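The values are calculated or read from the model by the stated rules, or taken from the named source; none is laboratory data. As the structure is a computational prediction, the values presented were derived from the model and not from experiment. As a convention, Cβ positions derive from the backbone with ideal geometry for all residues, glycine included, and neighbour counts pool all protein chains shown.
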Amino acid sequence: MEKIYNYIEKHSTHPSEALQWIVRQTHIRTNHARMLSGNIQGQLIRMIVQTTGASRILELGTFTGYSAVCLASGLPENGHLDTLELNDELEDLIMEGLERAGVSGKVTLHIGDCRQTLQKLRSMSGDPVKEEMLYDIVYMDANKREYCEYYDLVFDMVRPGGLILADNVLWDGKVCQDPMPQDKQTLGIARFNDMVSSDPRVESVILPLRDGLNIIRKKR
Ligand SMILES: C[S@@+](CC[C@H](N)C(=O)[O-])C[C@H]1O[C@@H](n2cnc3c(N)ncnc32)[C@H](O)[C@@H]1O
């Protein structure tokens with residue numbers, strides 16, 4: 001598997017200087033480098049942004065800014081990313097990474113619990129949400145226990161035809177173990193996958209990429 005992964009890395013677009021800097025800093029300054037989306041998923045989400053022509057993106061769970069840089073790099077000049085992170089200790093690192101990548105002008109970092117930030121953004125967007133405030137893409141990568149809540153909160157903020165990309169939906173294979181582990185994260189992800197696959201308002205496909213990426217498209 002490692003051999004195949006190395007081959008894929010070698011034959012895919014390589015990460016920019018700024019992304020390599022974020023990876024190094026994440027190893028030096030945090031104990032959670034495994035939370036990074038990584039180059040292959042990073043290139044994929046950047047390409048999804050570019051090929052769909054997305055101009056408004058929402059990210060839940062910035063961590064050190066790796067996926068934020070990938071998403072923002074795919075946006076047009078007038079595009080915008082709102083990225084939401086709980087841990088205020090990461091703010092300086094995130095901002096420096098965005099600067100180095102030359103995308104800071106397209107990104108707003110919101111520090112705080114994303115459920116509260118979402119309610120705030122939602123109340124600023126009108127009821128129903130004004131068309132120009134709808135998101136083309138939501139990248140969901142915060143607390144796995146809260147995915148169902150996030151889905152309910154963001155659904156009306158996504159335009160018809162827009163995408164919700166949910167990361168880590170295979171949760172290291174635990175969601176299909178028999179018996180399934182009963183920890184809160186595994187239960188949260190399993191409940192989320194069931195919720196999405198039985199929601200008639202969307203179509204979805206889980207890619208077995210890294211820890212599983214659910215691509216969910218809101219029907220028109
Ligand atoms: C898996 S990491 C995100 C990785 C990032 N998307 C990347 O690819 O580099 C999850 C992040 O979500 C944040 N988080 C967890 N619960 C949150 C919440 N309720 N609101 C906002 N952020 C949250 C954590 O602090 C952590 O930084």
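Do you know which residues across segment 57-76 are small (Gly, Ala, Ser) and on the phi < 0 side of the Ramachandran plot?
Listed by number, the residues that qualify are SER67, ALA68, ALA72, SER73, GLY74.
Return yes when PRO128 is more than 21 Å from MET35 (Cβ to Cβ) and in a loop (DSSP other than H, G, I, E, B) and no when it is not.
Here the answer is yes, as PRO128 does meet what is asked.
Conditions tested, residue by residue: (1) part of a helix (DSSP H, G or I); (2) in contact (Cβ under 8 Å) with a residue 24 or more places away in the chain.
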site: GLY162; (1), (2): no, yes
site: ASP178; (1), (2): no, no
site: ASN193; (1), (2): yes, yes
site: ILE206; (1), (2): no, yes
site: ASP211; (1), (2): no, yes
site: ILE216; (1), (2): no, yes
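Can you name the residue in segment 122-136 that is hydrophobic (A, V, I, L, M, F, W, C) and either touching a Ser or Thr at 6+ places or on another chain (Cβ under 7 Å) or farther than 12 Å from ASP156 by Cα (or both) and is also surrounded by the most Cβ atoms within 10 Å (Cβ to Cβ) among such residues?
MET133
Suppose the filter is touching a helix residue (DSSP H, G or I) at 6+ places or on another chain (Cβ under 8 Å), closer than 22 Å to ILE216 by Cα and charged (D, E, K, R); does ARG100 pass it?
Working: touching a helix residue (DSSP H, G or I) at 6+ places or on another chain (Cβ under 8 Å): yes; closer than 22 Å to ILE216 by Cα: no; charged (D, E, K, R): yes.
Considered against the rule, which asks whether it is touching a helix residue (DSSP H, G or I) at 6+ places or on another chain (Cβ under 8 Å), closer than 22 Å to ILE216 by Cα and charged (D, E, K, R), ARG100 comes out as no.
Of the conditions (1) part of a helix (DSSP H, G or I); (2) touching a strand residue (DSSP E or B) at 6+ places or on another chain (Cβ under 9 Å); (3) hydroxyl-bearing (Ser, Thr, Tyr); (4) more than 16 Å from LEU118 (Cβ to Cβ), TYR151 clears all except one; give me its number.
Going through the list (1) part of a helix (DSSP H, G or I); (2) touching a strand residue (DSSP E or B) at 6+ places or on another chain (Cβ under 9 Å); (3) hydroxyl-bearing (Ser, Thr, Tyr); (4) more than 16 Å from LEU118 (Cβ to Cβ), TYR151 breaks only (4).
Please work out which residue is nearest to ALA142 (Cα to Cα), limiting yourself to segment 65-92 and to residues that are out of contact with any strand residue (DSSP E or B) (no Cβ under 6 Å at 6 or more places or on another chain) and of a type in the set (A, V, I, L, M).
So the residue we want is LEU86.
Of the conditions (1) at pLDDT 95 or above; (2) near the ligand (Cβ under 9 Å from one of its atoms); (3) in contact with a Cys (Cβ under 8 Å, 6 or more places away or on another chain), GLN43 clears all except one; give me its number.
(2)
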